[in-house]
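Chemist: Dumping the structure here so I can ask a few things about it.
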Amino acid sequence: MLVFDLPGGALSDMAELNETLTARDLVDAHRECGRRFVVLLPITPLLASISSLLTAIELFGPDADYLVVKNMAAGKEEDFILWQDGILNRHGQHIGGKARAALGAANGRILELPALNAGSYARIDALGLSFTEALSSPLLPLSQRLSCRRWLHAWTGQLDTIADWLALPAGYRWTI
C-alpha cells in the first residue's frame, strides 16, 4: 500500500518517476508480482487535497485500488462540501464534487480517520509517544490516555472495513 500524504496538488509531480518509468509502470510491476497496489490518500475539506484523488486516478490508472481517508480532525462531515456535491462560485462555475464520483467509478473505498482530542494529540506529539505508548504513559493524564484508547478503537473499527485490502486473516482482532 502506498500512502500519499503530500501538500494538496503535489501528487502531479509523480507523473514521471524518472525518464522512462511512469506511475502506471509501478502499478503494473506490483500487479505482475501478485500484489495489490493500493493508493491511500488522506484528504481534508480543502479543494487541493480532494483534487489529489483525481490526479492519482489519472496517474495510476484503473488497475490500482484507491482508498480515501477523510481526516475528520480537519473538519466535520458538513465541512467536506467539496467532497460531496461541490459549490458554485460567483461566476456560476461548479467547484468540487467530482473526486467522490471518480472514486466510486474506480470502485474505491472511503475511511474516516476520527478526530483525536486536540490537547491529547498535542501532548502525545510533544512527548514523542506512539499512540500505543500513550495508552499507558504516566506522562499523560488519565483522561488523555482514555481519549487515545477511544480514538484507537474507532480507528481500528474503520480499518476493519478494509481487512481484505490489508490481507488480515479472518477474525483478526486489533490489540489495543
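Chemist: Can you tell which of K70, K76, K98 is at pLDDT 90 or above, basic (K, R) and closer than 23 Å to A167 by Cα? Steps first, answer last, please.
Modeler: Values: K76 fails: closer than 23 Å to A167 by Cα; K98 fails: closer than 23 Å to A167 by Cα.
Going through K70, K76, K98 in turn, just one is at pLDDT 90 or above, basic (K, R) and closer than 23 Å to A167 by Cα: K70.
Chemist: Of everything in the stretch 114-138, what is surrounded by 15 or more Cβ atoms within 10 Å (Cβ to Cβ), among the polar types (S, T, N, Q) and over 25 Å from T44 (Cβ atoms)? Give them in sequence order. Before you say what the answer is, go through the steps one by one.
Modeler: In the first step, residues of the stretch 114-138 are kept if they are surrounded by 15 or more Cβ atoms within 10 Å (Cβ to Cβ); the result is 114-117, 120-121, 123-124, 129, 131, 134-135, 137.
Restricting the remaining residues to those that are among the polar types (S, T, N, Q) gives 117, 120, 137.
If the condition is that a residue be surrounded by 15 or more Cβ atoms within 10 Å (Cβ to Cβ), among the polar types (S, T, N, Q) and over 25 Å from T44 (Cβ atoms), then S137 is the only one that fits.
Chemist: Could you figure out which of (1) loosely packed, with under 14 Cβ neighbours inside 10 Å; (2) farther than 25 Å from A48 by Cα; (3) in contact with a helix residue (DSSP H, G or I) (Cβ under 8 Å, 6 or more places away or on another chain) isn't true of P141?
Modeler: (3)
Chemist: So which of L82, L59, L67 ends up being over 24 Å from T156 (Cβ atoms), touching a residue at least 40 places away in the same chain (Cβ under 8 Å), surrounded by 15 or more Cβ atoms within 10 Å (Cβ to Cβ) and not acidic (D, E)?
Modeler: Numbers: L82 fails: touching a residue at least 40 places away in the same chain (Cβ under 8 Å); L67 fails: over 24 Å from T156 (Cβ atoms).
Going through L82, L59, L67 in turn, the sole match is L59.
Chemist: Which residues, counting only those in the stretch 111-141, are touching a residue at least 24 places away in the same chain (Cβ under 8 Å) and of a type outside the set (S, T, N, Q)?
Modeler: Across the stretch 111-141, the qualifying residues are L111, E112, L113, P114, A115, L116, A118, G119, Y121, I124, L135.
Chemist: Scan the stretch 90-99 residue by residue and report those that are surrounded by 10 or more Cβ atoms within 10 Å (Cβ to Cβ) and free of Cβ contacts under 8 Å to residues at least 24 places away in the same chain. Before you say what the answer is, go through the steps one by one.
Modeler: Step one: of the stretch 90-99, the residues surrounded by 10 or more Cβ atoms within 10 Å (Cβ to Cβ) are 94-99.
Within the stretch 90-99, H94, G97 qualify.
Chemist: Scanning for something within 22 Å of V69 (Cβ to Cβ), at pLDDT below 95 and in a helix (DSSP H, G or I), does the stretch 139-152 turn up at least one residue?
Modeler: So in the stretch 139-152, the residues within 22 Å of V69 (Cβ to Cβ) come out as 147-152.
Those left that are additionally at pLDDT below 95: none.
The answer is no, given that none of the residues of the stretch 139-152 is within 22 Å of V69 (Cβ to Cβ), at pLDDT below 95 and in a helix (DSSP H, G or I).
The values are calculated or read from the model by the stated rules, or taken from the named source; none is laboratory data. None of these values were measured; they are calculated from a predicted model. Using ideal geometry, Cβ is built from the backbone for each residue, glycine included, and neighbour counts are taken over all protein chains shown.
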